[in-house]
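Data block below; observations after.
The values are calculated or read from the model by the stated rules, or taken from the named source; none is laboratory data. Values in this document were obtained by computation on a predicted structure and should not be read as measured data. Note: ideal-geometry Cβ built from the backbone for every residue, glycine included; neighbour counts use all protein chains shown.
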Amino acid sequence: MPLTKAEARKVMLAIAGTDERPWFNQPSVFLHDRFLAKTHHKEDAVTLQVGSMEMRDMMLETEPKLFYITDHYRKFPFVLVRLSALTKTVLRELLVGRAAQLAALPPIKRRPKKPAKKKPAK
């Protein structure tokens, strides 16, 4: 039975350490401040970032009924995962695999935020 976007979102947020926040104005799931996945706002699919273009191309070639891309993603290491071909188990396995890759990366170093400029008193 195909997953709905709501079911896919629940699976994504069930991965330990994830949280939801906007990314390009769309609700997205992050792990340790790094994008993990999101339900696509136009396609019936989950957008998943993969480790490399080579990995993406291999996934597209080996499982074309499950993975695809649109022109928008042609230059980026992302795949779209068809909800119609996806199960909770497969989605969980994809996310856990990607989460392990993200956990192995060094923490993101963020610049400290500059204090807001105070407006002069009138």
Go through (1) surrounded by 18 or more Cβ atoms within 10 Å (Cβ to Cβ); (2) free of Cβ contacts under 8 Å to residues at least 24 places away in the same chain; (3) touching a helix residue (DSSP H, G or I) at 6+ places or on another chain (Cβ under 6 Å) one by one and return the number of the condition S28 breaks.
-> (3)
Quick one: which residue in T62, T39, T47 is out of contact with any Ser or Thr (no Cβ under 9 Å at 6 or more places or on another chain) and among the polar types (S, T, N, Q)?
-> T62
Give the residues of segment 31-44 that are closer than 17 Å to D71 by Cα and loosely packed, with under 14 Cβ neighbours inside 10 Å, sorted by residue number.
-> H41, K42
Are any residues in segment 45-91 surrounded by fewer than 15 Cβ atoms within 10 Å (Cβ to Cβ) and basic (K, R), and if so, which ones?
-> K65, R74, K75, K88
Does segment 1-25 hold any residues that are surrounded by 12 or more Cβ atoms within 10 Å (Cβ to Cβ) and either under 10 Å from the mean Cα position of the chain (by Cα) or under 16 Å from H72 (Cα atoms) (or both), and which are they?
-> M12, W23
Flagged pairs (Cβ under 9 angstrom, 6 or more apart or on separate chains; first in segment 1-25, within 23 Å of Q101 (Cβ to Cβ); second modelled with pLDDT of 90 or more and in a loop (DSSP other than H, G, I, E, B)) are L3/L86; L3/T87; A8/L86
Across segment 80-91, what is the number of residues that are in a helix (DSSP H, G or I) and among the polar types (S, T, N, Q)?
-> 2
Near pairs, Cβ below 9 angstrom, 6+ apart or cross-chain, from segment 89-115 (over 18 Å from L13 (Cβ atoms) and at pLDDT 85 or above) to any residue that is in a loop (DSSP other than H, G, I, E, B) and not charged (D, E, K, R) = Q101/V50; Q101/G51
Could you please find all residues in segment 73-90 being within 15 Å of L60 (Cα to Cα) and of a type outside the set (A, V, I, L, M, F, W, C)?
-> Y73, R74, K75, P77, R82
